[in-house]
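Colleague: Would you mind keeping the following structure in view while I ask a few things?
The values are calculated or read from the model by the stated rules, or taken from the named source; none is laboratory data. Computed from a prediction, not measured in an experiment: that's the story for all the values here. All Cβ positions, even for glycine, are placed from backbone atoms using ideal geometry, and neighbour counts span all protein chains on display. Surface areas here come from the heavy atoms of the whole protein model, side chains and all, with no ligands, DNA or RNA. Shrake-Rupley method; radii C 1.70, N 1.55, O 1.52, S 1.80 Å.
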Amino acid sequence: MRRFRLKVLIAVLLAAALGYGVHAVQLIAIRPPLVVGQDAVYPDAPAQVTLDDAGGRVLHIKPASGEASVLFVFYPGGLVRPQAYEWLGHALAARGVETVIPEMPLDLAVLGTDRATALIDRYAAGRPVVLGGHSLGGAMAASYAAKNPAKLSGLILMAAYPAEGDSLTSASFKALSLQAELDGVAKADAVRGGLDRLPAGSRLVVIPGAVHSFFGRYGPQAGDGVPTVDRADAERAIVAAVIAYLDAGRA
């Protein structure tokens, strides 16, 4: 009887493990739909938004009127859909910035590190290009920038840092690194340590009371900190830091 119960228990555990594995694979392989305009409103920031095909699907955000003076290419965080950052594109469009956010294979920028090349060729039209990214997307943006510094005029990392082998110290542009004060995912020491691999004169800006998931609108994240500031206040601080950096580059 004991052997029978043991066999049943083992069978149940194996079935549970298999079921969990299949569920985990489904979560990665079957991604939510890419929806334009979902949770993307930002105060006083009208914009034109389209879903384009440029070597893969791209969320394309332009100023509602007038021409943009800079192109901002943004890599999403790991397993995060592009629309989670559409709010940022809206906020920047009001300041003359055109933003493109590519859909990565399986929503993992590590599988599409070089996507920026096709996007620059398609959208830059001779304008300065700033590359950015959040979390894993930021790390992959830094990797691309380390290999292609001549294609870029700037780099913005949000809760991210260059990998050990990716040095940008000889790049001609300065970078901006944004750190959420209460980030539980991208550790403060790692973000600050990454400054040593960024170009001279790069700046670190800490977003007070913010957490890792406040850079994108995708909900709470496992292992993250507990915010002490409203998301809206954190977003305003993020936008202010990004605009100040872009304006300095356009001066």
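Colleague: Only four residue types carry charge here, +1 at the Cβ of Lys and Arg and -1 at the Cβ of Asp and Glu. Report the dipole size of the chain about the Cα centre in Debye, rounded to the nearest 20.
Modeller: On the way: 23 positive and 22 negative charges, 177 e Å.
The calculated dipole for the chain is roughly 840 debye.
Colleague: Say a paramagnetic label sat at a point 7 Å from the Cα of V226, along Cα to Cβ; which residues of segment 150-194 have their backbone N under 18 Å from it?
Modeller: So the set is 181-185.
Colleague: A follow-up question, please. Can you give me the % of accessible surface on the chain that is carbon or sulfur? Probe 1.4 Å, all protein chains present, nothing else counted.
Modeller: Values: 7080 of 11960 Å².
Carbon with sulfur: 59 percent of the solvent-accessible area.
Colleague: Using the heavy atoms of the protein chains alone and a 1.4 angstrom probe, what is the accessible area of the chain per residue in square angstrom? Could you put the intermediate results ahead of the total?
Modeller: Values: 11960 Å² over 251 residues.
Spelled out: the 1.4 Å probe surface of the chain, per residue, equals 48 Å².
Colleague: May I ask you to compute the full-extension gain from A163 to D52, defined as 0.36 nm times their residue separation minus their alpha-carbon distance, rounded to one decimal in nm? Numbers along the way, then the final one.
Modeller: Details: separation 111, 0.36 × 111 = 39.96 nm, distance 3.04 nm.
Length difference between fully extended and current span is 36.9 nm.
Colleague: How would you rank 44-50, 86-92, 218-224, 159-165, highest first, on the average number of other Cβ atoms within 10 Å across their residues? Each step should come with its number before you reach the end.
Modeller: Values: 44-50: 14.4, 86-92: 24.9, 218-224: 12.7, 159-165: 19.9.
Ranked from most to least packed, the peptides come out as 86-92, 159-165, 44-50, 218-224.
Colleague: Roughly how big is segment 142-188's charge dipole about its Cα centre, with Cβ charges of +1 (Lys, Arg) and -1 (Asp, Glu), in debye to the nearest 20? Mind dumping the intermediate values first?
Modeller: On the way: 4 positive and 4 negative charges, 46 e Å.
Approximately 220 debye in magnitude.
Colleague: Let me ask you something else. Using DSSP H assignments, which helices in the chain have an axial alpha-carbon span of 20 Å or above and a mean Kyte-Doolittle hydropathy of 1.0 or higher? The partial results should precede the final answer.
Modeller: Working: long enough: 2-29 (40 Å, 1.29); 231-250 (28 Å, 0.40).
Helices meeting the span and hydropathy rule in the chain are 2-29.
Colleague: To the nearest 0.05, what FRET efficiency results for A200 and A244 with a Förster distance of 25 Å applied to their C-beta separation? List each step's numbers first, then the result.
Modeller: On the way: r = 19 Å, r/R0 = 0.75.
Once the sixth-power term is evaluated, E becomes 0.85.
Colleague: Give the accessible area for L51 in Å² (nearest 10); use a 1.4 Å probe, count only protein heavy atoms, and leave out ligands, DNA and RNA.
Modeller: 70 Å²
Colleague: While we're looking at this one, here's another question. As a test question: what accessible area, to the nearest 10 Å², does I101 have when a 1.4 Å probe is rolled over all protein chains in place?
Modeller: Accessible surface of I101 is approximately 0 Å².
Colleague: Tell me, what ³J(HN,Hα) does each residue in segment 177-182 have, in order and in whole Hz, if you take phi through Karplus 6.51 cos²θ - 1.76 cosθ + 1.60 with θ = phi - 60° and put x for Gly and Pro?
Modeller: 10, 9, 10, 7, 4, 10
Colleague: Of the beta bridges DSSP finds with both residues in the chain, what % are antiparallel, to the nearest 5?
Modeller: Details: 11 of 34 bridges.
Antiparallel: roughly 30 percent of the beta bridges in the chain.
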